[in-house]
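The structure under discussion appears below in the form of structure tokens.
Only the coordinates and a few stated rules stand behind these numbers; no lab work does. All of these numbers come straight from a predicted model, not from anything done at the bench. Here Cβ is always computed from backbone atoms with ideal geometry, including for glycine, and neighbour counts include all displayed protein chains.
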Amino acid sequence: MDAADALTAGPTRQGELLAAGELTSRQLTEAALAAIERDDPAINATVAVFADEALAAADDADLRRTAGESGPFLGIPIAVKDDLDLAGTVTGRGSNATSTVAAHDSDLVAALRRSGAVIIAKSALPELAIFGFTESEALGVTRNPHNRAHTPGGSSGGSAALVAAGVVGIATASDGAGSIRIPAACCGLVGFKPTHDTMPSSGGWHQLSTQGCLAQRLTDSALFLDTFGTFPTSLVAAAAQDPEPLRIGLSHSAAAATKAEKLDLRVRALLESAADTFRAAGHSVTEVTIPYGNDSKALTVRYLAGIRDAAAETDDPSRLERRTKGIARLGRPFTARTVDWAIRKGREWGDAVHDELGVDVLLTPVMSGPAVPVEHWKGKGALRTVLSMNAFYPYTAQWNHAGAPAVSMPAGKTPEEGLPLAIQLIARRGDDARLMSLAGQYERALPL
């Protein structure tokens, strides 16, 4: 396998090739940099490219391997979402309102460097990671490699686009209301949001947000989480093992502030097909209605207060986009006491919902249909954008509120536009290994 082909093979296979001496990290890194030069002008997924630094890091990784060192990410090219601090660079967060150069690496970036991972680029996101599409005044429009007329989702849209284009095998991503799972669904990737408090550099938006990654295959996501997170048992091992028979709840329930958009019939059909796949594997599947209830209000408090605080922390809030300022204003009424109440409500709801429904795992949509066209929300004001996004993406944010692990799994493509479709699986908080096992079983049963 040559270096260009190895880019799409993912970090697990890349590590095997490096360990066997069939490739060098420099070869992989040169191929990744060439892929950025070739593909990024069309998809606009990078904020900065670190060619010289990446090649130096690759050479260092090759020397470390020659000296006998090993490691799952030693010499592996990776892109980092521009919500993480890299010392000596501006953490732009998709905005013109930030200008301070980071003095230190974030904890996750520091861990990446220690592992020998080769950071080749920073990936694009919408302003302050707010939106489920990756478009901003600062960075322009990021496009979906499967169909450039459509969005790669958000807020980790730049990371998703780079992995889907085959520029890198893995990229960091963060998820505060669906920002790992939505881009994964848009771009045909695996997007695993782990239990909260398991990954470094997490906790934004009043503990709604957690770090993770985007990858082509589940085992690569598991490898990333095992390497940089803290879990009781190996997620890589779990991904390779079928779970015991589980009680799965199939739900079309939507947590929308207004009327949710009608679920695309193609997504509904894939959910039914997935239910049949799980039944054939020995699981019981029953249809359930998720009791979102008043917890949607508590989630809204955390989301809007988090954006308000993030906007206030920028270097020059006056330079924020008009829509961002409007959303930040929506968060002004919420006091610290109200936010603390909302966090408690999310934990209580997450502790109870699976047991209340009598299920181990939930099976739901990720979003109401395939990726929307780019600029779908262009020109809409703050409240209209929030409500319209919530109507199209009403299946993800509640699991940030609960702190529970959830994964978006690719499940097919639309024949017309060639756009990916996906399902979502959600487990109890702390049940990441069981969720990884079920997702692995699904991936093996439905190779794409």
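Under 20 °C and 1.002 mPa s, how fast does region 55-126 diffuse according to Stokes-Einstein, given a Kirkwood radius computed over C-alpha pairs? Answer in µm²/s, whole number. In µm²/s, the coefficient rounds to 165. Computed per residue of the chain from DSSP H runs no shorter than four, each worth -39500 (n - 2.57), the mean residue ellipticity at 222 nm is -13000 deg cm²/dmol. Taking other residues whose beta carbon is less than 15 angstrom from the beta carbon of Arg429, and scoring Lys, Arg as +1 and Asp, Glu as -1, yields -4. Scaling the Cα radius of gyration of the chain by the globular reference 2.2 N^0.38 Å produces a ratio of 0.91. Among beta bridges from DSSP that stay inside region 247-445, the antiparallel ones total about 60%. Remark: the chain carries a charge dipole of roughly 1520 debye about the Cα centre, counting +1 on each Lys and Arg Cβ and -1 on each Asp and Glu Cβ. Checking every one of the GluC sites (Glu not before Pro) in region 16-106 against DSSP loop status and a limit of 12 other Cβ atoms within 10 Å picks out Glu69. Quick note on region 116-267: its Rg to Rh ratio, both from C-alpha atoms and Rh being the Kirkwood radius, is 0.97.
When the charge dipole of region 247-445 is built from unit charges on Cβ atoms (+1 for Lys and Arg, -1 for Asp and Glu) and taken about the Cα centre, the candidate among Gly293, Ala406, Leu304 whose Cα reaches farthest toward its positive end is Leu304. The peptide list 172-181, 319-328, 262-271, put in order of mean Cβ contacts within 10 Å with the highest first, becomes 172-181, 319-328, 262-271. Over region 192-253, with a single point scatterer placed on each C-alpha, what log10 of the ratio I(q)/I(0) does the Debye formula yield at q = 0.11, 0.17, 0.26, 0.28 1/Å? For region 192-253 at q = 0.11, 0.17, 0.26, 0.28 Å⁻¹, log10 I(q)/I(0) is -0.32, -0.71, -1.07, -1.12.
Multiplying the residue separation of Ala269 and Arg332 by 0.36 nm and subtracting their alpha-carbon distance yields 18.5 nm.
Each of Thr12, Ser99, Gly176 was scored by the projection of its Cα onto the charge dipole of region 3-239, and the greatest displacement toward the positive side belongs to Gly176; charges sit on the C-beta of Lys, Arg, Asp and Glu.
The calculated pair-distance distribution of region 3-239 uses every alpha carbon pair, bins of 10 angstrom beginning at 0, and gives 9, 36, 39, 14, 1 percent. Can you tally the net charge around Leu263? Count Lys and Arg as +1, Asp and Glu as -1, for every other residue whose Cβ sits under 15 Å from the Cβ of Leu263. With Lys, Arg at +1 and Asp, Glu at -1, the net is 0.
Can you bin every Cα-Cα distance in region 334-448 into 5 Å intervals starting at zero and give me the percent of pairs per bin, rounded to whole numbers? In whole percents, the pair-distance histogram is 2, 10, 16, 17, 18, 15, 12, 7, 2, 1. Note down the net charge around Ala4, summing +1 for each Lys or Arg and -1 for each Asp or Glu among other residues with Cβ under 12 Å from its Cβ. So the environment of Ala4 carries a net charge of -3. How much of the DSSP bridge set in the chain is antiparallel, in percent, rounded to the nearest 5? DSSP beta bridges in the chain are roughly 70 percent antiparallel.
Across region 5-116, Cα-Cα distances exceeding 16 Å account for 62% of all pairs. Kirkwood hydrodynamic radius computed over region 215-347 comes to 19.1 Å, based on all pairs of distinct alpha carbons.
Summarised as an ellipsoid, region 345-413 has semi-axes of 27, 17, 8 Å, derived from the eigenvalues of the Cα gyration tensor scaled by 5 and square-rooted, with the largest first. Rounded, prolate or oblate: which fits region 247-445, taking a ≥ b ≥ c as square roots of the Cα gyration tensor eigenvalues, rounded meaning a/c under 1.5, else prolate when a/b beats b/c? Because a/c hits 1.5 or more and a/b fails to exceed b/c, region 247-445 counts as oblate.
I'd like the projected area of region 153-223, averaged over all directions, using the convex hull of its alpha carbons. Report it in nm² with one decimal.
Quarter of the Cα hull surface area: 4.1 nm².
Hey, fewest Cβ within 10 Å first, where do Ser95, Ser159 land in order?
The most exposed by this proxy come first: Ser95, Ser159.
Counting other beta carbons within 10 Å of each residue's own, what order do Glu356, Glu417 fall into, fewest first?
Glu356, Glu417
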